[in-house]
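One structure below.
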Amino acid sequence: MPDSTPSRRNITMFKKLLSWQTLVVDTVKMSLKVLAFAWQTSAKRTSLLLVFLVISSSLPATSALLLNHLVNDVVAIVKTGTPLEMVTILLGIGCILCNILPFVMNPAAEVVRSTLSDLLIADIDEQVMKKASQLTGLSYFDESEFYDKLRFLRENSTLLEGMLWVLSFTISNGITLISLLSLTITISPFIPIAMVLVALPHLFAEYRHHQYAFDTRWEQLPESRQLGYFHGLLFNIESVKEIKLFNLGAYFTNRYRELFDTLFKRFLSVRISHTKITLLFTLLHGIGLTLLYIYVVLIAFQGKITVGEVAMYFSIVSGLQATFWDLTLKVGNLTGSTIEFHTLSSFFELAPTLKTTEAPQAFSHINRSVEFRNVSFRYPGRENTIFNDISFSIKTGETLAIVGENGAGKTTLIKLLCRFYDPTSGQIFIDDVPLHQYHLESLRQKIAPVFQDFSHFFLSAGENIGIGNVEQVHNEAAVIQAAAQGQADTVVSQLSDGYETLLGRHFDGGTDLSGGEWQKIAISRAFMRDAQILILDEPTAALDAESEYALFQRFKTLTQGVTTLLISHRFSTVRMADRILVIDEGKILEEGTHEQLMNKGGRYATLYRMQSEKYQ
């Protein structure tokens, strides 16, 4: 029992030491990575910046050393009456140059640093976009923590640029500090040790502040996202109509303000705490430097140092005071940024969630069928199963319609076929080859989707269609043909600049379309592909009945031989399918042609008659 307290204290001390060792190692590693990023962005500018930093940060110590010799020479000349020598003149010129050069070099270094920073921001943004596109599945996009990371990245899009600035100042201040401290050793070895000891508590306090500030920000990311959500509602065309109709502007403004005030109070407490600590250590720092001033004066009176060394010391201290203070803040920022850098690094380290095989085979066409074999699925992080042990097949060239209530799992089946997710159990096969054994890009290249929640890309009309096959996006003939097949040609013909017309109101000069017109653009986009699998998820929800009928007649003609998966609530559309699957609560209730299911008199027949009565 008597040894338990010391033991716990030793463990605590070891953990603190380990924490500091980890901190130092992580900060060094992060600094090297930032420099590596900068070097990769522009080796020439990075090298030039480092040269500027080394030269400019060496000038204060050089100036102080020259001042030491200059003052001693001047004192000797005054005492002895000897004539002025060329060496003394050169020392004076050197001191002048050391004071002039920063006014030339600092602006030059600033230009290099600013240019490098701009390039670095663009490169990091590009790498973040590439990483997002490499997340082939959608699992991460279902996690709130992933969106917290995305918001953090958006709010800190200039993180590396800021870290480059801080790191460059840290390097500059570090060189200045070491060079100046090395000069003070000639006066007394005690001085540099005392100066470092005075600065260390402030450095530790800065690190703790940044760590606490980061923890506070991270904990509040979900609420910060909600804050952005409330703000964006009043500017979102999808929500602004109801907001104005229900007079919700003041309601959401108040919700925004209440949440902001809560978050602000938490951040304010962090800032107040930091200010108190900063004031304390500023006072201690000032007292420590004052005592050192007194110490130098005392040893000067004792004749232990020369007048030149006293002048050098006073010159050094004025520089050291600013350098120590700035370095403490910059190192605090740098160590705090280490924590933030880990968040950025963790995004780049996100691993693919889809199963892969070492030698995937290319997918080109379907010979026999697509088969769902004993497939079960639940979304990652959720407990409820969407469907359990479901099995069915689609023959090559067949059109299969899937019918069911909302939430039955119809769209989820499509997501699995597109390999946005892998089944929780069971497998999907094409010609008896498991889906994950096909090369993912080649598989998706042969799938032409028209989703219910299709995207409105704020691009030209031609690009909106052409990106269905990005390699042919500038193939005018292919775009025009796809537009005709999807009936978007009638939409484009009414636009002021035809296929060059910018769509959407998001950017200046854009033209917005109706829901049905946007849908025709999305359908035409699907026709850009030489598809083996056509996915139609409520493809005509925004079209009138006449346009829907004409479009499906065209679908039947244009998609002969293409395996088609159709989801629709309109039974006039569904009945045109070769076969119909009725899903309820994750299970297949019925399967057959329209006539077979009507004769059976089951769920499908009931739903069909209910919908038919609405149009009678």
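Against the main long axis of the alpha-carbon atoms of the chain, helix 307-348 sits at an angle near 10°. Per-residue extension of 0.36 nm, minus the Cα-Cα distance of W39 and I588, leaves a gain of 191.8 nm for this segment.
Accessible area of W39 (1.4 Å probe, protein heavy atoms only, ligands and nucleic acids ignored): about 130 Å². For a straight C-alpha distance cut-off of 25 angstrom, the lysines reachable from K415 (same-chain residues fewer than eight places away being disregarded) are K130, K131, K149, K355, K395, K446, K520, K556, K587. Subtracting the Cα-Cα distance of S455 and L283 from their residue separation scaled by 0.36 nm leaves 56.0 nm. The H on the amide N of S376, modeled in the peptide plane, is under 5 Å from the matching H of D389, I390, T424, S425, G426, each at least 5 residues off or on a different chain. Note on surface exposure: I175, I414, I100 rank I100, I175, I414 by accessible area, highest first, 1.4 Å probe. Protein-only accessible surface at a 1.4 angstrom probe places the residues M86, M163 in the order M86, M163, largest first.
Among the protein heavy atoms, those of S568 account for about 10 Å² of accessible surface (1.4 Å probe, every chain in place).
For the pair segment 409-486 / segment 229-269, the C-alpha centres are spaced 36 Å from each other.
Take the Cα of D508, step 7 Å toward its Cβ, do the same at R575, and the gap between the two points is 5.4 nm.
Ellipticity at 222 nm from helices only: DSSP H runs of n ≥ 4 in the chain, each -39500 (n - 2.57), divided by the residue count, give -22000 deg cm²/dmol. Applying 1/(1 + (r/R0)^6) with R0 = 56 Å to the Cβ-Cβ distance of A322 and L234 gives a FRET efficiency near 0.75. Relative to the longest principal axis of the Cα atoms of the chain, helix 249-301 runs at roughly 20 degrees. Give the aspartates and glutamates whose C-alpha is closer than 19 Å to that of K79, dropping any in the same chain fewer than 8 places away, or say none. Filter leaves E309. Annotation: for a label point projected 7 angstrom from Cα along Cα→Cβ of D389, residues of segment 357-376 with backbone N closer than 14 Å are 373-376. Stretched out straight at 0.36 nm per residue, the stretch from I89 to S425 would grow longer than its current Cα-Cα span by 112.3 nm. Within the same chain, aspartates and glutamates fewer than 8 places from K410 are excluded, and of the rest, those with a Cα less than 13 Å from its Cα are D537, E538, D584, E585.
Annotation for F246 and D142: the two label points, set 7 Å from Cα along the Cα-Cβ direction, are 2.8 nm apart. Per residue, the chain exposes an accessible area of 53 Å² to a 1.4 Å probe, with every protein chain left in place. For segment 379-479, the relative contact order comes to 12 percent (Cα pairs under 8 Å, sequence separation of at least 6). Solvent-accessible surface of protein heavy atoms, probed at 1.4 angstrom with all chains present, puts F363, F264 in the order F264, F363, largest first.
Of the whole protein surface, E595 contributes about 110 Å² of accessible area at a 1.4 Å probe radius.
Taking the C-alpha atoms only, the angle from helix 221-233 to the longest principal axis of the chain is near 60 degrees.
The values are calculated or read from the model by the stated rules, or taken from the named source; none is laboratory data. Please read all numbers here as calculations on a predicted model, not as lab measurements. Don't worry about glycine lacking a Cβ; one is built from the backbone with ideal geometry, like all the others, and counts go over all protein chains shown. Accessible surface is based on the protein model in full, side chains and every heavy atom, while ligands, DNA and RNA are left aside. Shrake-Rupley method; radii C 1.70, N 1.55, O 1.52, S 1.80 Å.
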